[in-house]
Amino acid sequence: MTLPRPLIAGNWKMNGHVADGTALARAVVAGSAGLAAELLICPPATLIGLVAREAEGSAVAVGGQDCHAKPGGAFTGDIAAPMLKDLGCRYVIVGHSERRTLHGERDSDVQAKAGAALAAGLAAIVCIGETLAERDSGATLPVIARQLAGSLPAGASAATLVVAYEPVWAIGTGRVASVDQVAEVHALIRRELGARLSDGAMVRILYGGSVKPDNAVSLLGVADVDGALVGGASLDAKAFLAIAAAAPARR
Ligand code: PGA
């Protein structure tokens, strides 16, 4: 059984204009050859077409940061999964904590979006993670299990699903979960995936939350960590590529 390559995904969030986005994508593509990890750039929607052109013919994949649950229609301002596919995306992030918190997305919304992604031929990166209050009250594992169960789309497999564990208190804060905290949650996610999917052992589980070049080796060395979802550091090609270089060839 060959384990999938680690995935290092850059979530640019609402950052980047044409000039700097082009330069950043070009630098990532230029540095991507020969890495053990698969690289993914998720730019803002305005730059997806441009980044896809820069990445054409390279090993760098392109993804969206969100999609609507419906394949089209009267949803002003939203983006449908088939539109992302049409632009050359292979992945879409769903259920990022900023969407859950700032846009009120619930597990059922995330599940519907993930299902739409699969229907469009995209792989869904389903994000889950506990808040600081939930961790402090000892509720981390039940919260993670509940979010995972509620957010997984029907019919997912290792080819179409990536799970990202992102403790909310570690996102953009410079606070990183400890190796033991990451190991505990990833082991739970692995068990839950194994119970739900026939190839749950092969689904990539990413850690996200203040991943930087100086903590990447230890985080990516944890059992059941199959890559990283990188926010801030993905806006710097050198830092992003250094994180990618820290990914081991296989678990
Ligand atoms: P961060 O963001 O790396 O800036 O903490 C991670 C994320 O939001 O995916």
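The values are calculated or read from the model by the stated rules, or taken from the named source; none is laboratory data. Just so it is clear, the model here is predicted, and its values are computed rather than measured. Every residue, glycine among them, receives a Cβ derived from its backbone with ideal geometry; neighbour counts consider all protein chains shown.
Annotations for the structure displayed:
- Residue ID - nearest to the chain's Cα centre (by Cα), chosen from residues in the stretch 145-180 that are within 18 Å of Ala112 (Cα to Cα) and within 16 Å of the ligand (Cβ to nearest atom): Ala164
- Of all residues in the stretch 206-244, those being within 17 Å of Val162 (Cα to Cα), within 11 Å of the ligand (Cβ to nearest atom) and β-branched (Val, Ile, Thr) number 1.
- Qualifying residues in the stretch 38-47 (those that are under 16 Å from the mean Cα position of the chain (by Cα) and either buried (at least 18 other Cβ atoms within 10 Å of the Cβ) or among the hydrophobic types (A, V, I, L, M, F, W, C) (or both)) - the one farthest from Pro248 (Cα to Cα): Ala45
- Wholly within the stretch 107-222, helices (runs of 4 or more DSSP H) carrying at least 3 residues that are at pLDDT 95 or above and touching a Lys or Arg at 6+ places or on another chain (Cβ under 7 Å): none
- Residue that is farthest from Ile205 (Cα to Cα), among those in the stretch 79-111 that are exposed (fewer than 15 other Cβ atoms within 10 Å of the Cβ) and away from the ligand (no atom under 16 Å from the Cβ): Asp86
- Residue check, Ala9 part of a strand (DSSP E or B), buried (at least 19 other Cβ atoms within 10 Å of the Cβ), touching a Lys or Arg at 6+ places or on another chain (Cβ under 6 Å) and small (Gly, Ala, Ser): no
- Options Leu132, Leu141, Leu35: the member that is touching a residue at least 60 places away in the same chain (Cβ under 8 Å) and over 16 Å from the mean Cα position of the chain (by Cα): Leu35
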